[in-house]
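The values are calculated or read from the model by the stated rules, or taken from the named source; none is laboratory data. Predicted model only: the values in this text are computed from it and were never measured. Heads up, the Cβs are rebuilt from the backbone with ideal geometry, glycines too, and the neighbour counts pull from every protein chain shown. Remember, those area values only see protein heavy atoms, side chains included, never the ligands or the DNA or RNA. Shrake-Rupley method; radii C 1.70, N 1.55, O 1.52, S 1.80 Å.
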Amino acid sequence: MKTTLTPAHLRRIKKVKGVVIRVEPYGRDVVIFTNMKTLVEDSAFVFGVDVLEPHSVDENTLGLAFVASVEEDATYCIGFNGDKYREETIWHEALHTTVDVLNYHGVQFTSDNHEPFAYTQGYLVSQIRNKVYGLPEFGYDD
């Protein structure tokens, strides 16, 4: 099943300065929210429903991976402060999201099957670095 973000969702994501990253081959969109202070309100605005409880985020929360439902489908989301580059937070939340996306598609993490997780997490981090912070994507042609 593909993510079902509508044009209205995409406009609202842009309005709150969010970013959408498409994870292939799974066809999943991951919405990146870049303001932890307004994450609860921004996610409710984007999805039209209260996705997070107000107590889910406080001044000590560095990042959060969560799932929002859009028209009976799962949309994966990551929230963190885009004005501060904390690579460990990006990797941490990308791992949560990677596990959620791949588990949804029946990919289990085992000692014989961890490459899809490593590649997906690296891809998410590379895209976040590029789309949020303007840093180069990871390259493999060095």
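Structure summary
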{"item": "Some residue of region 67-83 being more than 12 Å from the chain's Cα centre (by Cα) and assigned to a helix (DSSP H, G or I)", "result": "no"}
{"item": "Output for region 101-117, where each listed residue is under 15 Å from Asp29 (Cβ atoms) and surrounded by fewer than 17 Cβ atoms within 10 Å (Cβ to Cβ)", "result": "Tyr104, His105"}
{"item": "So Thr98, is it open to solvent by less than 20 Å² (accessible area, probe 1.4 Å), among the β-branched types (Val, Ile, Thr) and in contact (Cβ under 8 Å) with a residue 12 or more places away in the chain", "result": "yes"}
{"item": "Residues of region 39-88 satisfying the condition of being surrounded by fewer than 19 Cβ atoms within 10 Å (Cβ to Cβ) and under 19 Å from Phe117 (Cβ atoms)", "result": "Val67, Ala74, Glu87, Glu88"}
{"item": "Residues being at positive phi and assigned to a helix (DSSP H, G or I) - total across region 103-142", "result": "0"}
{"item": "Subset of region 10-29 (residues that are more than 15 Å from the chain's Cα centre (by Cα) and either at pLDDT below 95 or more than 18 Å from Leu39 (Cα to Cα) (or both))", "result": "Pro25"}
{"item": "Filter result (surrounded by fewer than 20 Cβ atoms within 10 Å (Cβ to Cβ) and either among the basic types (Lys, Arg) or in contact with a Cys (Cβ under 6 Å, 6 or more places away or on another chain) (or both)) within region 1-38", "result": "Lys2, Arg11, Arg12, Lys14, Lys15, Lys17, Arg22, Lys37"}
